[in-house]
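S.K.: My questions all concern the structure below.
The values are calculated or read from the model by the stated rules, or taken from the named source; none is laboratory data. Quick caveat, the model's predicted, so the values are computed rather than measured. Counting neighbours? That spans all protein chains shown, and the Cβs are built from the backbone with ideal geometry, glycine included.
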Amino acid sequence: MAPDMTSVQQACDRVRANVARVVVGMEEVVDLLLVSLLCEGHALLEDVPGIGKTTLAKALASSLGCTFRRIQFTPDLLPSDITGVSVFNQRSSQFEFRPGPVFAQVVLADEINRAGPRTQSALLEAMQEHQVTADGQTRPLPQPFLVLATQNPIELEGTFPLPEAQLDRFLMRLNLGYPNHDEERAILRRFCGQAPVALLQAVISADELLNLAQICRGVMMHEALEEYILALADATRHHAALDLGASPRATLALYHTSQALAAMNGRAYVLPDDVQRLVEPVLAHRLVPSAKPRMRGETTRSILQAILTEVPVPVEEDWRGSTAA
């Protein structure tokens with residue numbers, strides 16, 4: 001019997017409704033961030049300042065009952081400013097470790113590309129290992145642990161762009177975009193008084209979120225859809241317009257995010273639509289286009305759209321039969 005995904009769907013609906021009390025629009029971005037949470041992954045928000053990235057992160061953290069810290073990345077930020085530092089206590093005559101802002105469940109790394117490579121690496125190591133090593137002692141990070149990193153794609157002066165190996169650590173890269181006319185009017189009216197994010201209450205606990213993440217791993221992925229994901233990844237590795245294709249980590253990310261998206265929609269099985277919806281946010285930042293396509297104005301997004309049209313989609317008869325159970 002297929003597992004029941006009602007608990008995942010209901011929990012995600014509560015978070016969506018709670019975040020919507022503060023954040024206007026951005027339904028697609030909120031859904032994808034929930035997918036990241038259910039996969040215990042990290043997200044890179046790439047957009048211009050003032051779009052609402054910090055507000056979105058705070059609203060999400062408040063809805064989850066998670067601790068939240070914001071780190072403003074600057075060129076003089078040191079790795080110890082993120083991970084923490086040992087301070088000598090004169091009363092006890094011992095060094096005491098003072099945890100840095102990375103010891104929170106939701107961490108907003110604002111303008112991550114403004115810090116130097118050493119500082120970026122300190123955060124990205126914590127993201128990958130879910131632990132921090134200082135003074136020869138390893139300290140685990142709280143669970144769940146989600147990093148929302150932001151960067152401005154327009155202003156490049158004085159920045160240190162993340163190399164491809166570090167970009168690959170992020171489960172997704174998301175763009176928020178400008179609100180439309182009606183959404184911006186709603187923002188003006190909603191924020192004319194007290195900031196509504198301060199009024200939010202948690203709708204699910206951190207422990208419940210961890211349990212939901214385990215449930216999502218039970219979503220069925222038919223062999224035909226596994227082959228579809230593998231075919232998409234292989235197409236990026238042999239595409240003439242790409243110098244660097246999707247890594248095995250990217251294939252795993254597409255697999256797990258498809259499971260989480262299906263569970264969010266109350267299904268215990270993955271559809272091809274789930275995979276296709278996630279191809280761009282999961283894979284685009286991991287690919288490197290060749291020089292000539294870049295000169296022609298081609299982007300990884302347009303190349304992925306071409307790949308989606310070229311790779312055959314599994315027909316319903318290939319996977320529908322086993323989902324009926």
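S.K.: Being at pLDDT 85 or above and of a type in the set (Gly, Ala, Ser) is the filter; apply it to region 88-114 and report the residue that is nearest to LEU162 (Cα to Cα).
M.R.: ALA109
Each row is one residue, and each column tells you yes or no for (1) more than 23 Å from ALA61 (Cα to Cα); (2) in contact with a Leu (Cβ under 8 Å, 6 or more places away or on another chain); (3) hydroxyl-bearing (Ser, Thr, Tyr); (4) loosely packed, with under 15 Cβ neighbours inside 10 Å.
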position: CYS216; (1), (2), (3), (4): no, yes, no, no
position: HIS222; (1), (2), (3), (4): yes, no, no, no
position: TYR228; (1), (2), (3), (4): yes, no, yes, no
position: THR236; (1), (2), (3), (4): yes, yes, yes, no
position: TYR269; (1), (2), (3), (4): yes, no, yes, no
position: ASP274; (1), (2), (3), (4): yes, yes, no, no
position: PRO289; (1), (2), (3), (4): yes, yes, no, no
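S.K.: If you check ASN113 against the conditions, is it free of Cβ contacts under 8 Å to residues at least 60 places away in the same chain, over 28 Å from ALA206 (Cα atoms) and surrounded by 14 or more Cβ atoms within 10 Å (Cβ to Cβ)?
M.R.: Considered against the rule, which asks whether it is free of Cβ contacts under 8 Å to residues at least 60 places away in the same chain, over 28 Å from ALA206 (Cα atoms) and surrounded by 14 or more Cβ atoms within 10 Å (Cβ to Cβ), ASN113 comes out as yes.
S.K.: Have a look at LEU34, LEU77 and point out the one that is in the same structural domain as GLN151 (by TED's automatic domain parsing), in contact with a strand residue (DSSP E or B) (Cβ under 9 Å, 6 or more places away or on another chain), on the phi < 0 side of the Ramachandran plot and not aromatic (Phe, Trp, Tyr).
M.R.: One residue alone meets the criteria, LEU77.
S.K.: Residues being modelled with pLDDT of 85 or more, part of a helix (DSSP H, G or I) and hydrophobic (A, V, I, L, M, F, W, C): count how many of those fall in region 274-320.
M.R.: Qualifying residue count for the region: 11.
S.K.: Still on this structure, please answer the following. Pick from region 79-93 the residues that are of a type in the set (S, T, N, Q) and surrounded by 10 or more Cβ atoms within 10 Å (Cβ to Cβ): which of them is nearest to LEU124 (Cα to Cα)?
M.R.: Looking at residues that are of a type in the set (S, T, N, Q) and surrounded by 10 or more Cβ atoms within 10 Å (Cβ to Cβ), I get THR83.
S.K.: Moving on to the next point. Please state which one of ARG190, ARG185 is at pLDDT below 90, in the same structural domain as VAL29 (by TED's automatic domain parsing), of a type in the set (D, E, K, R) and surrounded by fewer than 13 Cβ atoms within 10 Å (Cβ to Cβ).
M.R.: Checking each option against the conditions leaves just ARG185.
S.K.: Would you check which residues across region 163-194 are hydrophobic (A, V, I, L, M, F, W, C), more than 22 Å from LEU146 (Cα to Cα) and in contact (Cβ under 8 Å) with a residue 24 or more places away in the chain and list them?
M.R.: If the condition is that a residue be hydrophobic (A, V, I, L, M, F, W, C), more than 22 Å from LEU146 (Cα to Cα) and in contact (Cβ under 8 Å) with a residue 24 or more places away in the chain, then ALA186, ILE187 are the ones that fit.
S.K.: Hey, another quick one. Considering every residue within region 255-262, establish whether at least one is in contact with a Ser or Thr (Cβ under 6 Å, 6 or more places away or on another chain) and either under 19 Å from GLY218 (Cα atoms) or outside any loop (DSSP other than H, G, I, E, B) (or both).
M.R.: no
S.K.: Further question on the same structure: Where in region 1-94 are there strands (runs of 3 or more DSSP E), lying wholly inside it, with at least 1 residues that are within 19 Å of the chain's Cα centre (by Cα), within 26 Å of VAL282 (Cβ to Cβ) and of a type in the set (Phe, Trp, Tyr)?
M.R.: Filter on region 1-94 gives 68-72.
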